[in-house]
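Working notes for the structure below.
What follows draws every value from the coordinates through simple rules; no lab data is involved. These figures come from a predicted structure and were not determined experimentally. Here the Cβ positions follow ideal geometry from the backbone for every residue, glycine too, while neighbour counts run over all protein chains shown.
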Amino acid sequence: MKNKITITVQVNYLEHQSNAANNQYTYTYTINIKNDGEVGATLLTRHWYIKDETGNIEEVVGEGVIGKQPYIEPGKAFKYSSGAIIKTLTGSMYGSYSMVNSAGEYFEAQIPEFILSEPYTLH
């Protein structure tokens, strides 16, 4: 497949930066964007939907990620970390990256929905 982008996510809850009394729950996430396709591709823009438990959805659109528009060669990956603050203890994020391959063809790489949640401990 010419354009095949695989996206994986790791989420961390930042308890020390969260404040339940003010309905602020802080998460960091690390995204790994791997080019499993046949041609290189540049990430142009991001389009996120950040949803909390109440059903409130915040939409975020912008150029690149962390101030970069990385070019990812076939078989290579680009990893970055960012964060989100939501008003409930759990929520989720999903969206897409707009990309252009080295042949000049534009395509969307879907970011699968992932959960923002404090880790649970079993006793």
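Structure notes:
- Two-decimal log10 I(q)/I(0) for the chain, as the Debye equation yields it once each C-alpha is a single scatterer, q = 0.11, 0.16 Å⁻¹: -0.41, -0.77
- About the centre of its Cα atoms, the stretch 5-113 shows a dipole size close to 260 debye [charges on the beta carbon of Lys, Arg (+1) and Asp, Glu (-1) only; nearest 20 debye].
- Long-range lysine pairs (8 or more apart or interchain), the stretch 5-113, Cα under 13 Å: 4
- Stretch gain in nm, segment V61-A103, where the contour uses 0.36 nm per residue and the Cα spacing is subtracted: 12.6 nm
- Length-normalised contact order for the chain - Cα pairs under 8 Å, 6+ apart - percent: 29
- Cβ-to-Cβ counts within 10 Å put H16, H47 in ascending order as H16, H47, the fewest first.
- FRET efficiency for M1 and S82, using Cβ-Cβ distance with R0 set to 30 Å, rounded to 0.05: 0.65
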